[in-house]
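The values are calculated or read from the model by the stated rules, or taken from the named source; none is laboratory data. Just so we're clear, the structure is a prediction, and the values are computed from it rather than from any experiment. Please note: Cβ atoms are built from the backbone with ideal geometry, for glycine as well, and neighbour counts cover all protein chains shown. Surface accessibility is based on the protein's heavy atoms, side chains included, excluding ligands, DNA and RNA. Shrake-Rupley method; radii C 1.70, N 1.55, O 1.52, S 1.80 Å.
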Amino acid sequence: MNIIAEQLQDTGYIVLDNPLPASLMTALRERCQESQAGFEAAHIGRGTDKKQINSIRGDVIRWLDESHDTDQAYLAWMENLRSKLNEALYLGLFDYECHYAIYGAGTGYAKHSDVLNGKKNRVLTTVLYLNENWQRSDGGELVLFEPEGIDVLATVAPKFGTMIIFLSESFPHEVLISHSTRRSITGWFRVSGS
Ligand SMILES: O=C(O)CCC(=O)C(=O)O
Ligand SMILES: [Fe+2]
């Protein structure tokens, strides 16, 4: 946990190889794979700005359900991380929201910031990848850009078990077109306020 806090403080992001217990990873993958029931096309923006534009963002999403054991276990793990990060970095993280995301073959998410569109209370973005046997030819990498949005800071393959955490406001990012179905859980630690 200290390593996560230190690196977030130093560079603003961290890529973790396999932070979650194997049994939880398996349950999360199965839960995301079992059925597409409850998944809806993702939207861009909020309220009256809310738009669904497939060419910008091609995923379908389902928010985690606290009443389901598997979702609950993930939320509990992230809750523990939240309190550790608050202790180490005094970030005042207030809560965590997250959704499963499925990108069908041929879709991605164009370069964007997670803090635009009125989501100003998002402090840290987390993405956990659920794709076993992911190959380079499957594409779908997350590209993290320097704050100016031009130079590439990191390229992350969406491999099973990998988690990236980054400062939501600092890094524009993009999901490259995926050539296979790409599954993940994306979430945000937030401070209170709208
Ligand atoms: O799936 C990813 O790698 C990133 C997703 C993302 O940027 C988002 O949902 O805002
Ligand atoms: Fe994003």
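Annotations
- Residue count for region 111-138, restricted to those that are part of a strand (DSSP E or B), open to solvent by less than 40 Å² (accessible area, probe 1.4 Å) and over 16 Å from Leu93 (Cα atoms): 5
- Selection from region 142-174 of residues that are in contact (Cβ under 8 Å) with a residue 40 or more places away in the chain and assigned to a strand (DSSP E or B): Leu144, Leu153, Ala154, Val156, Met163, Ile164, Ile165, Phe166, Leu167, His173, Glu174
- Of all residue pairs spaced 6 or more apart or on separate chains, those with beta-carbon atoms under 6 Å, a first member in region 29-43 that is among the charged types (D, E, K, R) and a second member that is part of a helix (DSSP H, G or I) and at pLDDT 95 or above are Arg31/Thr70.
- Tally of residues being touching a Leu at 6+ places or on another chain (Cβ under 9 Å) and more than 9 Å from ligand 1 (Cβ to nearest atom) across region 109-127: 3
- One residue stands out among those in region 165-181 that are out of contact with any His (no Cβ under 9 Å at 6 or more places or on another chain) and within 14 Å of ligand 2 (Cβ to nearest atom): the one that is nearest to Ala73 (Cα to Cα), which is Ile165.
- Taking the conditions (1) open to solvent by less than 60 Å² (accessible area, probe 1.4 Å); (2) in a loop (DSSP other than H, G, I, E, B); (3) more than 21 Å from Leu176 (Cα to Cα) in turn, Thr107 satisfies each one other than (3).
- Test result for Glu79, modelled with pLDDT of 95 or more and either under 16 Å from the mean Cα position of the chain (by Cα) or closer than 17 Å to Trp188 by Cβ (or both): yes
- Filter result for Glu97 (on the phi < 0 side of the Ramachandran plot and assigned to a strand (DSSP E or B)): yes
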